[in-house]
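Have a look at the structure below before the remarks.
The values are calculated or read from the model by the stated rules, or taken from the named source; none is laboratory data. This structure is a prediction, so every number in the text was calculated from the model and none was measured. All Cβ positions, glycine included, derive from the backbone under ideal geometry; neighbour counts span all protein chains shown.
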Amino acid sequence: MAITSLATLKSAIQSTGQRVYADKGNVASEGVGLYHSLWKTAVGIPAPGINPPVYSADSDLMIPTSLTLGALPIRNAGSGSLRLTQANFFKVNTGTVTIYDRLWHCSQLVTNILTTQTIAGSGRPINRGNANGKGVELWLEVYTAPGANGATWTINFQDPESGGANAATYTHPTNAESVGQMMPAIMVYGSKSCQYPIDFTCNASSGTAGDIGITLLRPIVTIPLKYANDFRDLGWIVNTLHKIEPNACLAMMVRCTTTTTGIVRGEIEICEG
């Protein structure tokens with residue numbers, strides 16, 4: 001059913017709507033203004049995921065889906081697309097909750113060697129949404145904290161805008177990131193999207209190796225929670241309903257205002273249309 005009016009939206013919700021619940025526990029985070037993944041470290045609903053496959057070995061598991069442990073459990077549309085119609089969230093701390101489609105991920109990149117770490121299987125096309133990677137963001141995710149020596153980490157990637165390779169960087173500070181921390185890589189040379197990562201290089205050793213992953217994602221919605229213990233109910237008018245691709249691996253991250261994520265509880269409502 002195409003959603004073209006409030007009447008067809010109501011009908012779609014009644015006939016194909018599904019509510020998906022989330023309830024994630026409080027975990028330690030790095031601090032104010034930084035992002036933290038709820039993929040693995042936070043217990044609750046959905047159950048915590050596991051580390052993605054090692055970067056150096058191609059694997060189908062590099063492409064998570066709605067059936068992957070850690071994803072919000074959604075059902076694919078019987079026909080047409082899924083649309084996010086509502087999101088209701090509560091967070092003990094202030095901050096934001098972002099729901100995103102986790103498109104591709106790997107782990108076990110280390111930060112105490114200076115040689116280039118080539119990423120296997122990275123040439124797989126993005127299999128949800130725009131296949132050339134437009135609108136896809138490149139993030140780093142911490143599975144084991146690295147050492148505390150400052151460095152610049154560089155990720156070369158295929159740029160769908162230019163059709164060639166470009167680079168993204170992250171400045172590792174002189175303190176170790178927290179397990180579960182997520183860091184957006186800053187794309188240089190005017191890039192806006194990542195089709196796939198090519199390799200990872202450090203310009204200095206962090207000391208301890210750590211276990212760093214790359215996560216490619218497409219944001220779906222960010223929900224601001226301005227007050228402690230705030231409950232936010234967001235809905236969208238018909239022409240701005242957020243599309244959810246078939247087999248989407250829906251996951252969450254929070255932007256922190258303190259050194260804990262705070263309990264995160266809520267639900268989303270989606271329907272076909």
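Considering every residue within region 50-70, establish whether at least one is closer than 27 Å to residue 191 by Cβ, touching a Lys or Arg at 6+ places or on another chain (Cβ under 6 Å), buried (at least 17 other Cβ atoms within 10 Å of the Cβ) and hydrophobic (A, V, I, L, M, F, W, C). No: region 50-70 contains no residue that is closer than 27 Å to residue 191 by Cβ, touching a Lys or Arg at 6+ places or on another chain (Cβ under 6 Å), buried (at least 17 other Cβ atoms within 10 Å of the Cβ) and hydrophobic (A, V, I, L, M, F, W, C).
Only one residue in 42, 57, 77 is at pLDDT below 90, in a loop (DSSP other than H, G, I, E, B), of a type in the set (A, V, I, L, M, F, W, C) and closer than 26 Å to residue 172 by Cβ. Which one? It would help to see each step written out before you state the result.
Working: 57 fails: at pLDDT below 90; 77 fails: closer than 26 Å to residue 172 by Cβ.
Exactly one of 42, 57, 77 is at pLDDT below 90, in a loop (DSSP other than H, G, I, E, B), of a type in the set (A, V, I, L, M, F, W, C) and closer than 26 Å to residue 172 by Cβ, namely 42.
For beta carbons closer than 6 Å, sequence separation of 6+ or different chains, a first residue in region 145-161 that is touching a residue at least 12 places away in the same chain (Cβ under 8 Å) and more than 22 Å from residue 132 (Cα to Cα) and a second that is of a type outside the set (Gly, Ala, Ser) and in a strand (DSSP E or B), the qualifying pairs are 151/172; 151/202; 152/169; 152/171; 153/170; 153/172; 153/202.
One line per residue, one yes/no per condition, for (1) at positive phi; (2) surrounded by fewer than 20 Cβ atoms within 10 Å (Cβ to Cβ); (3) at pLDDT below 85; (4) out of contact with any His (no Cβ under 7 Å at 6 or more places or on another chain):
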residue: 9; (1), (2), (3), (4): no, no, yes, yes
residue: 21; (1), (2), (3), (4): no, yes, no, yes
residue: 46; (1), (2), (3), (4): no, no, no, yes
residue: 73; (1), (2), (3), (4): no, yes, no, yes
residue: 88; (1), (2), (3), (4): no, yes, yes, yes
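Can you tell me which residues in region 235-259 are more than 17 Å from the chain's Cα centre (by Cα), crowded, with 18+ Cβ neighbours inside 10 Å and at pLDDT 85 or above?
In the first step, residues of region 235-259 are kept if they are more than 17 Å from the chain's Cα centre (by Cα); the result is 235-241, 257-259.
Add one more test, that the residue is crowded, with 18+ Cβ neighbours inside 10 Å, and what stays is 241, 257.
Across region 235-259, the qualifying residue is only 257.
If you go through region 207-220 and keep only what is under 29 Å from residue 98 (Cα atoms) and among the hydroxyl-bearing types (Ser, Thr, Tyr), you end up with just 215.
The criterion of at least 3 residues that are modelled with pLDDT of 95 or more and within 17 Å of the chain's Cα centre (by Cα) is met by the following strands (runs of 3 or more DSSP E) wholly inside region 171-234: 181-184, 211-225.
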